[in-house]
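Reviewing the structure listed below.
The values are calculated or read from the model by the stated rules, or taken from the named source; none is laboratory data. Remember, it's a predicted structure, so these values are computed and weren't measured experimentally. A quick note on method: Cβ atoms are made from the backbone with ideal geometry, for glycine too, and the neighbour counts reach across all protein chains shown.
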């Protein structure tokens, strides 16, 4: 059974391995560690039998904005609902902290990620040019948290 827990410093080695598997320009281990202190209870992991299947990091900005900083799933655990479970939990925590919407950046050519976020009711709001470097634009995707219920 998959459980969602707060990330700890002891989880960082596995989180970093998932980060490297998942991104062309992965966050450094040092940055992933810094987020443990910056994100309060918005750095979470999905575990099954003590193995980390994925993680998500969020921040509250301006009291009403939940920012999904990063979400990544181990290759063997993808397309099994782990990412959606992490995103639901992160959004639930955003709501409990007073956020009225959640947003994230996604590389405009990353069709799989765009499809995943769309399936989870995020909408493309606008494009931020060169966000990931020259010619690598980001879609800003937004989801309203008003009226959402994550108790089901």
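Of the residues that sit in the range 137-152 and are at pLDDT 95 or above and in a loop (DSSP other than H, G, I, E, B), which one is nearest to residue 103 (Cα to Cα)?
Across the range 137-152, the extreme among qualifying residues is 145.
Is it fair to say residue 104 is closer than 24 Å to residue 144 by Cα, under 11 Å from the mean Cα position of the chain (by Cα), touching a residue at least 24 places away in the same chain (Cβ under 8 Å) and not in a strand (DSSP E or B)? Please lay out each step first, then the result.
Numbers: closer than 24 Å to residue 144 by Cα: yes; under 11 Å from the mean Cα position of the chain (by Cα): yes; touching a residue at least 24 places away in the same chain (Cβ under 8 Å): yes; not in a strand (DSSP E or B): no.
Answer is no for this residue.
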**OP:** Could you please let me know if residue 125 is touching a helix residue (DSSP H, G or I) at 6+ places or on another chain (Cβ under 9 Å) and in a strand (DSSP E or B)?
**Re:** no
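Listed residues 83, 98; which is part of a helix (DSSP H, G or I) and either touching a residue at least 24 places away in the same chain (Cβ under 8 Å) or surrounded by fewer than 15 Cβ atoms within 10 Å (Cβ to Cβ) (or both)?
Values: 98 fails: part of a helix (DSSP H, G or I).
Checking each option against the conditions leaves just 83.
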**OP:** Go through the range 13-45 and give me each residue that's within 19 Å of residue 73 (Cβ to Cβ) and assigned to a loop (DSSP other than H, G, I, E, B).
**Re:** 23, 24, 25, 26, 27, 39, 42
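With respect to residue 47, is the statement that it is modelled with pLDDT of 95 or more and surrounded by fewer than 12 Cβ atoms within 10 Å (Cβ to Cβ) true? Before the answer, list the steps.
Values: modelled with pLDDT of 95 or more: yes; surrounded by fewer than 12 Cβ atoms within 10 Å (Cβ to Cβ): no.
So residue 47 fails the test.
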Original post:
With respect to residue 60, is the statement that it is touching a helix residue (DSSP H, G or I) at 6+ places or on another chain (Cβ under 6 Å), more than 17 Å from residue 120 (Cβ to Cβ) and touching a residue at least 24 places away in the same chain (Cβ under 8 Å) true?
Top reply: no
Original post:
Restricting attention to the range 107-117, does a residue exist that is assigned to a strand (DSSP E or B) and more than 24 Å from residue 20 (Cβ to Cβ)?
Top reply: no
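Of the residues 132, 103, 117, only one is buried (at least 16 other Cβ atoms within 10 Å of the Cβ), touching a strand residue (DSSP E or B) at 6+ places or on another chain (Cβ under 8 Å), modelled with pLDDT under 95 and more than 18 Å from residue 4 (Cα to Cα); which?
Working: 103 fails: modelled with pLDDT under 95; 117 fails: modelled with pLDDT under 95.
Residue meeting the stated conditions: 132.
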